[in-house]
Amino acid sequence: MKNFNPADNIQDLQYFGEFGGVNPSISDSSTYTFLSAKTMFDTFEGNMEGCYLYSRHSSPSNLYLDKALAAMEGTESANVSASGMGAITPTLLQLCGTGDHIVSSRTIYGGTYAFLKNFTPRLGIKTSFVDITKLDVVEAAITPDTKVLYCETVSNPLLEVADIEGLAKIAKRHNLTLVVDNTFSPLSVSPARLGADIVIHSLTKYINGSSDTVGGVTCASQEFIDSLKNVNSGASMLLGPTMDSLRSASVMKNLRTLHIRMKQHSHNAMYLAQRFEKDGLKTVYPGLESHPSHKIYKTMINPEYGFGGMMTLDVGTLAKANELMELMQAKNLGYLAVSLGFYKTLFSAPGTSTSSEIPMEEQIEMGLTDGLIRFSIGLDNDIERTYQMMKACMMELEILKSESILMV
Ligand SMILES: *Cc1c(COP(=O)(O)O)cnc(C)c1O
């Protein structure tokens with residue numbers, strides 16, 4: 001991990017617009033001319049570097065963003081897509097076909113879970129869902145048909161941490177591709193540096209950070225990215241989840257402040273997690289020593305970016321959770337909304353929203369309780385003020401009793 005700083009890697013890239021602009025020009029074309037017919041043929045065959053064919057394949061603006069995200073993750077290459085699911089689904093379909101098997105963490109994003117549980121079986125791809133924190137359980141689920149090991153660095157919504165180095169060893173031993181969704185922990189964790197083969201992000205969340213678009217990226221070897229974009233057999237090329245050039249230019253501009261935002265998200269989340277835990281609330285945050293994976297996570301992170309901005313509080317019942325979220329929204333402490341990585345705090349009850357694809361009995365088994373609220377902590381300037389205001393809401397609803405506050 002020495003001498004690898006993902007934010008410096010992004011900053012060190014130099015792009016100019018065609019008139020010397022400090023931002024690269026935005027490519028505003030779906031198709032591209034060729035000076036010779038031979039060049040067009042070679043480009044179709046994938047033999048031409050630096051030539052553009054058609055914008056579903058790639059565009060100059062998308063390639064700039066690809067390059068920056070590959071630099072961030074320390075992979076050879078990357079391919080941006082129109083959404084996070086638009087990165088996840090082609091990646092998995094490129095790696096697996098009929099008869100193949102995937103071992104996946106059971107605590108993953110609801111859309112990914114639904115894709116693996118309900119959609120890929122139609123194509124003859126089976127998935128075993130396991131507790132990813134138990135490496136022996138993961139290894140025991142591998143069959144001769146297994147091709148992919150799939151997890152999220154920090155899982156949604158329970159904030160379980162995957163031991164990426166341990167999983168990479170298992171993947172190597174069984175000749176599997178380790179695919180890691182790093183959406184919750186950009187900059188904080190660099191999965192490829194820990195042995196992941198492919199790193200995916202939903203750009204919709206922290207990386208774009210302004211909740212104005214969906215977007216995604218697959219970061220991997222040049223060989224894999226070329227296969228995704230292959231005109232004859234590439235899942236990204238053929239399924240067509242292409243990001244628009246105007247949008248990739250705008251995501252790129254937001255990426256440039258990601259390091260500053262991540263530090264503030266992490267600082268604010270740590271502050272609130274420590275205080276609410278002290279107040280006696282059931283608080284899950286990987287930066288707390290009480291978190292089951294705190295020790296291992298500490299060894300995985302690039303420390304200056306902290307433990308991230310995601311935190312959960314369990315307030316007992318769904319009714320209390322709903323009351324609290326409505327009150328906090330009324331006091332302008334944040335918004336009752338799914339998603340994450342916004343400047344404002346966002347909160348939702350995952351059991352009835354982002355994880356509702358997961359059947360109730362499975363939710364219970366994985367510890368996804370009714371009263372759980374998932375917070376994406378915002379960029380609040382004065383987090384002590386936020387804490388006092390949130391605490392006042394909790395006291396008003398008797399989630400926190402006044403004596404527990406007096407003890408603090
Ligand atoms: C939101 C999210 C996705 C899906 O991304 P979209 O941009 O909404 O398609 C995938 N994984 C994780 C962890 C997410 O939070």
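The values are calculated or read from the model by the stated rules, or taken from the named source; none is laboratory data. Remember, predicted model here, so these are calculated numbers, not experimental data. In this analysis, Cβ positions are derived from the backbone assuming ideal geometry, glycine residues included, and neighbour counts consider all displayed protein chains. These accessible areas exclude ligands, DNA and RNA; they are computed on the full protein's heavy atoms, side chains included. Shrake-Rupley method; radii C 1.70, N 1.55, O 1.52, S 1.80 Å.
Structure above, values below:
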| item | result |
| --- | --- |
| Descending principal axes extents, the range 171-210, alpha-carbon based, whole Å | 40, 15, 10 |
| Within-10-Å neighbourhood charge of residue 275 [Cβ basis; K, R +1; D, E -1] | -1 |
| Under-5 Å amide H pairs with residue 25, H placed in peptide plane, nonlocal only | 17, 18 |
| Accessible surface of the chain, 1.4 Å probe, proportion on carbon and sulfur as whole % | 53 |
| Against the rule of thumb 2.2 N^0.38 Å, how large the Cα Rg of the range 233-323 comes out | 1.52 |
| Sorted peptide list for 385-392, 82-89, criterion being average Cβ within 10 angstrom, highest first | 82-89, 385-392 |
| Compactness of the range 1-142, expressed as Rg and Dmax over alpha-carbon positions, Å | 19.9, 58 |
| Mean residue ellipticity (222 nm) of the chain, computed from DSSP H runs ≥ 4 via -39,500 (n - 2.57), nearest 500 | -10500 deg cm²/dmol |
| Residue with peak Gaussian network fluctuation, the chain [Cα springs, cutoff 10 Å], from 330, 70, 321 | 330 |
| Mean accessible surface per residue for the range 255-320, computed with a 1.4 Å probe while every protein chain stays in place, in Å² | 43 |
| Largest-first principal axis extents of the Cα set of the range 259-405 (Å) | 38, 36, 29 |
| Amide H partners (placed H, <5 Å) of residue 156, local residues excluded | 109 |
| Square roots of five times the Cα gyration tensor eigenvalues for the range 6-255, Å | 31, 21, 15 |
